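Below is one structure, written out as structure tokens, with a few remarks after it.
The values are calculated or read from the model by the stated rules, or taken from the named source; none is laboratory data. Everything numeric in this text was worked out from a predicted model, so none of it was measured. We place every Cβ from the backbone using ideal geometry, glycine too, and count neighbours over all the protein chains shown. Ligands, DNA and RNA are excluded from the accessible area calculation, which covers all protein heavy atoms including side chains. Shrake-Rupley method; radii C 1.70, N 1.55, O 1.52, S 1.80 Å.
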Amino acid sequence: MSLEGRHLIDPVDFTLDELDEVFSLSERIIKKPESYIDICQGKILGTLFYEPSTRTRLSFESAMLRMGGRVLGFSDATHSSVAKGESIADTIRVLSSYADIVVMRHPKEGAPRLASQYSGITIINGGDGGHQHPTQTLTDLLTIREFKGTIGGNNVAFCGDLKFGRTVHSLIKTLSRYPNNKFILISPDELKLPEYLKNILNKSGNVEIYETNDLESVIDEIDILYMTRIQKERFFNEADYVRLKDSYILSKSKLSNSKNSMIVMHPLPRVNEISYDLDEDERAVYFKQAKFGIYARMALMALQLGVI
Ligand code: CP
């Protein structure tokens, strides 16, 4: 089935073959970007960001501009008619005649899904509350393919805020559809992966799960270490955040027992969980990961717009 006109709200909206199509095109774009500079001429991307963003919004904008299209939207909903009480349904109905495709980030879980039900154009979820972040998952999987050659068969450790981190929720759910991955879940007790997600992983029959709160005790087993920020904006009280915010601080010395082939990923922004001394280490791939986000989003929009 073609991806033309298809919304991307949750990574399970696409089959593994469809995800593969996005990655294959991303890799073709990486190799020869000059072949794609005008494929979106005449197309307009709408960016509706009801929550702050650097990478997601700007990589989408960069992706559309690199394909010859244009961009409109808002990065602060208080400067839009949302501040006057306009509903998501009305906003998206109007945007449907202003743009060809929309990426929406919203603090409320399910908001992009709701938008898709009223939209005349394709909707992409740019992150909804603590729920899903499917284009970060495309970025992460493309990064894994580039560095590991395959998406299955790895020991993948997730470290930090596994309760509220939507990048973790999206990625782990998607990785569980690929064969032979082992998940090592590293978090304080209060920030463990939600039970509903563990049930999905267990039902997949594809994965092994091990939980711990001690990163150093498992560091030698890890192929991919996915670090995450403690999600301050999702906490109900400041005292809990302050108590937990520095639970894990990864520095170069803490990797002394890791495999040489291990990679350290992070969706960014980082706050304090990775020391700057790790940035130049070849295992640290998080800035390259952010760059892959442009290519994954170029490929995604090109396929959804049916221009390729
Ligand atoms: N990774 C990510 O979603 O970053 P932003 O919040 O800056 O978009």
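Each Lys and Arg adds +1 at its Cβ and each Asp and Glu adds -1 at its Cβ; summed about the Cα centre, the range 134-290 shows a dipole of about 580 debye. Expressed in Å, the radius of gyration and Dmax of the Cα atoms of the chain are 19.1, 56. In this Cβ point-charge picture (+1 for Lys and Arg, -1 for Asp and Glu), the chain has a dipole of about 520 debye about its Cα centre.
Shape verdict for the range 1-67, please, from the Cα gyration tensor: rounded (a/c under 1.5), prolate (a/b greater than b/c) or oblate.
Verdict is oblate for the range 1-67.
Taking every protein chain into account, the 1.4 Å probe leaves residue 190 with about 80 Å² of accessible area, to the nearest ten. Of the beta bridges DSSP finds with both residues in the chain, what % are antiparallel, to the nearest 5? Of those bridges, close to 5 percent are antiparallel. Solvent-accessible surface of the chain, taken per residue with a 1.4 Å probe and all protein chains present: 43 Å². Identify, among 154, 68, 209, the residue whose Cα sits farthest towards the positive end of the charge dipole of the chain, taking +1 on the Cβ of Lys and Arg and -1 on the Cβ of Asp and Glu, with the dipole about the Cα centre. Ranked along the dipole, the leading option is 68. Calculate the tail of P(r) for the range 169-223: the fraction of all Cα-Cα distances greater than 16 Å, expressed in %. The answer is 41 percent, as a whole percent.
To the nearest 20 debye, what is the magnitude of the charge dipole of the range 45-175 about its Cα centre, counting +1 on the Cβ of each Lys and Arg and -1 on the Cβ of each Asp and Glu? The partial results should precede the final answer.
Details: 14 positive and 11 negative charges, 39 e Å.
The calculated dipole for the range 45-175 is roughly 180 debye.
Estimated purely from DSSP H runs of n ≥ 4, each contributing -39500 (n - 2.57), the mean residue ellipticity at 222 nm for the chain is -10500 deg cm²/dmol once divided by its residues.
Note on residue 118 and residue 2: their simple-model spin labels are 2.9 nm apart, each label 7 Å out from Cα toward Cβ. On the chain, 48 percent of the accessible area sits on carbon and sulfur atoms, based on a 1.4 Å probe. Approximating the spin labels as points 7 Å out from Cα along Cα→Cβ, the residue 249-to-residue 84 distance works out to 4.9 nm.
For residue 263, the accessible surface of its heavy atoms amounts to roughly 10 Å² (probe 1.4 Å, protein chains only, rounded to the nearest 10). A prolate overall shape is assigned to the range 39-116, the ratio a/c of its alpha-carbon gyration tensor axes (a ≥ b ≥ c) being 1.5 or greater and a/b exceeding b/c. Along the axis of the charge dipole computed for the range 134-290 (Cβ charges of +1 for Lys and Arg, -1 for Asp and Glu, origin at the Cα centre), the listed residues 242, 172, 219 are led at the positive end by 172.
Cα convex hull, the range 134-290: 103 Å³ per residue, rounded to a whole number. Of the residues 296, 111, 89, the one that moves most in a GNM of the chain with alpha-carbon contacts below 10 Å is 89.
With a Förster radius of 41 Å applied to the C-beta separation of residue 211 and residue 27, the computed FRET efficiency comes to 0.75. What is the distance in Å between the Cα centres of the range 1-68 and the range 128-159? A separation of 16 Å, based on Cα centres.
Quick check: net charge around residue 192, other residues with Cβ under 12 Å of its Cβ, Lys/Arg +1 and Asp/Glu -1?
Values: positive: 163, 198; negative: 161, 189, 190, 195, 211.
Once positives and negatives cancel, what remains is -3.
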